[in-house]
């Protein structure tokens, strides 16, 4: 785990991620300006660090209702404004970028932040960016696999010799600058199905597993498939970190949490995906066995500990700000995380 | 309430005539309902390539978005080679897996032979069920001799289409009411 800058003895890491969405607050129908939203995200990271959160990441979506297409630039501002928190992408769409440029950006980010940068590479769930950036959607799988492999090759070798289908070959190419320790953690974003997790496992790459809702036990299959594939690929699963990422919201009680969060998720998903989140499914989100972490601080502590027992993962990453969530609610959540949730989950998962 | 009548093939006229007749009944009996006819013969549709339905442009984007915004859909389909036409299957492929959640879907079938009467039950309904539609279980099956000079002349078929129209509206209203009550009970 050391290679990925994770020490399991310190207990499970608690992170926060934002997709960088820029949506109206459903309560008012109003949307802050894109400038305000970007500054809000930077402030969010600063406050998360103050609350003791371990990790903060920003996503890349090239479509309406999103603000952080240039997520590496936003992360760079965050790096400068913070000093301890780990920073990453969630995720970098490597399929439609040049891995050399991505590596240059994130290695620079690692230098600015003094060794706190990580890359989470994904394939995008929406495909508008293929046309925007000049790629053919027909190569969806191949583009990701080839570019992700190259990104990892660059991470492991300062001098690269490589040739592939979607980029000019590299001959004794030196990719600079290098990160603080020569290399940095690179994760594969996985959508929750075993098939996708197995690809990460075979390659021996850390898995960042995003999920909406459902029984935690259902996602255990994905986690097991990942570790089995890693073993089959000749890697030691004990050395490969797993992160899970999904909806989080804490309030005085679970009913209040549902009330404050639901309109943001439902209306936000309608706008970004074209379909809302059914209330019936959402109501099940507060169940102790559901993977969504919604409820009172005590309920959330129990949920995270239960998930840790099921997955034995090294990092949990919360999404709180989706759908025009007001900054005041975010601050309230950060306070509950810092004062109640984090101390409890660290206490129960750290090696004494 | 928005009801879309979807005529599912690119050729022929009988399915569209039957859909037209059904929408006409709805418009007459329920003037508050907004009806839209979409005949796939009128649109240039792309084949599904797996993208989100919001990402299609032109006719494909119009058809998928209109269907997703409907409260109920009356699907009309001819039978081609003992199955639904590829053009109709493509519509299902273009939409998300839960596309028909909270929607009512009713069906009418036009066929060259009465021997195809089971096709909707064995091939169309399983797709609609998978996509979470609330179905009007009784569909209307119409054959060649029910038409004459671009008109439905069999009064039994006209009665059945009238009942299909009524059932579609009543079921949509009923499910909307049930859903409202259930959602209000969640209190969030």
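Read-outs throughout are calculated quantities, based only on the coordinates presented, and are distinct from any laboratory measurement. Worth saying up front: this structure is predicted, and the values here are computed from it rather than measured. Here the Cβ positions follow ideal geometry from the backbone for every residue, glycine too, while neighbour counts run over all protein chains shown.
Quick one: in the stretch B:74-98, which of the residues that are without any contact (Cβ under 8 Å) to a residue 40 or more places away in the chain and within 14 Å of chain A (Cβ to nearest Cβ) is nearest to residue B:172 (Cα to Cα)?
Per the stated criteria, the residue is B:98.
Please verify whether the stretch A:287-310 includes one or more residues that are surrounded by 19 or more Cβ atoms within 10 Å (Cβ to Cβ) and within 11 Å of chain B (Cβ to nearest Cβ).
The answer is yes, given that some residue of the stretch A:287-310 is surrounded by 19 or more Cβ atoms within 10 Å (Cβ to Cβ) and within 11 Å of chain B (Cβ to nearest Cβ).
Return yes or no: is residue A:317 crowded, with 23+ Cβ neighbours inside 10 Å and either assigned to a helix (DSSP H, G or I) or in contact (Cβ under 8 Å) with a residue 60 or more places away in the chain (or both)?
Considered against the rule, which asks whether it is crowded, with 23+ Cβ neighbours inside 10 Å and either assigned to a helix (DSSP H, G or I) or in contact (Cβ under 8 Å) with a residue 60 or more places away in the chain (or both), residue A:317 comes out as yes.
Go through the stretch A:228-254 and give me each residue that's within 12 Å of another protein chain (Cβ to nearest Cβ) and either farther than 21 Å from residue A:327 by Cα or in contact with a helix residue (DSSP H, G or I) (Cβ under 8 Å, 6 or more places away or on another chain) (or both).
Those that are within 12 Å of another protein chain (Cβ to nearest Cβ) and either farther than 21 Å from residue A:327 by Cα or in contact with a helix residue (DSSP H, G or I) (Cβ under 8 Å, 6 or more places away or on another chain) (or both): A:249, A:251, A:254.
Suppose we keep only residues that are more than 18 Å from the chain's Cα centre (by Cα) and under 29 Å from residue B:166 (Cβ atoms) within the stretch B:31-70. Which one would you say is farthest from the other protein chains (Cβ to nearest Cβ)?
B:31
If you check every pair at least six apart or on different chains, which have Cβ atoms under 6 Å apart with a residue in the stretch A:113-140 that is within 14 Å of chain B (Cβ to nearest Cβ) first and a residue that is crowded, with 22+ Cβ neighbours inside 10 Å and part of a strand (DSSP E or B) second?
Cβ pairs passing all conditions: A:124/A:93.
Which of the residues belonging to the stretch A:213-239 are touching a strand residue (DSSP E or B) at 6+ places or on another chain (Cβ under 9 Å) and touching a residue at least 40 places away in the same chain (Cβ under 8 Å)?
Correct list: A:213, A:214, A:215, A:216, A:219, A:223.
What do you reckon, is residue A:283 assigned to a helix (DSSP H, G or I), within 13 Å of another protein chain (Cβ to nearest Cβ) and closer than 16 Å to residue A:318 by Cβ?
It is false that residue A:283 is assigned to a helix (DSSP H, G or I), within 13 Å of another protein chain (Cβ to nearest Cβ) and closer than 16 Å to residue A:318 by Cβ.
Of the conditions (1) farther than 15 Å from residue A:8 by Cβ; (2) surrounded by 19 or more Cβ atoms within 10 Å (Cβ to Cβ), residue A:339 satisfies every one except a single condition; which number is it?
(2)
Count, please, the residues in the stretch A:293-314 that happen to be within 19 Å of residue A:55 (Cβ to Cβ) and either in contact with a helix residue (DSSP H, G or I) (Cβ under 7 Å, 6 or more places away or on another chain) or part of a loop (DSSP other than H, G, I, E, B) (or both).
11
Determine if the stretch B:8-23 includes at least one residue that is in contact (Cβ under 8 Å) with a residue 24 or more places away in the chain, touching a helix residue (DSSP H, G or I) at 6+ places or on another chain (Cβ under 6 Å), surrounded by 17 or more Cβ atoms within 10 Å (Cβ to Cβ) and within 20 Å of residue B:102 (Cα to Cα).
No.
Only residues in the stretch A:78-96 that are under 10 Å from residue A:46 (Cβ atoms) count as the first member; pair them with residues that are part of a strand (DSSP E or B), Cβ under 8 angstrom, at least 6 apart or cross-chain, and list the lot.
If the second residue must be part of a strand (DSSP E or B), the pairs left are A:78/A:56; A:78/A:58; A:78/A:87; A:82/A:56; A:85/A:55; A:85/A:56.
Quick one: in the stretch A:322-331, which of the residues that are in contact (Cβ under 8 Å) with a residue 40 or more places away in the chain and surrounded by fewer than 16 Cβ atoms within 10 Å (Cβ to Cβ) is farthest from residue A:13 (Cα to Cα)?
Among them, the one singled out is A:327.
Give me the pairs: first residue in the stretch B:169-188 and more than 9 Å from every other protein chain (Cβ to nearest Cβ), second residue surrounded by fewer than 14 Cβ atoms within 10 Å (Cβ to Cβ), beta-carbon distance under 9 Å, and six or more apart or on different chains, which are they?
Pairs found: B:169/B:29.
Out of B:118, B:131, B:135, report the one residue that is without any contact (Cβ under 8 Å) to a residue 40 or more places away in the chain and within 14 Å of chain A (Cβ to nearest Cβ).
B:131
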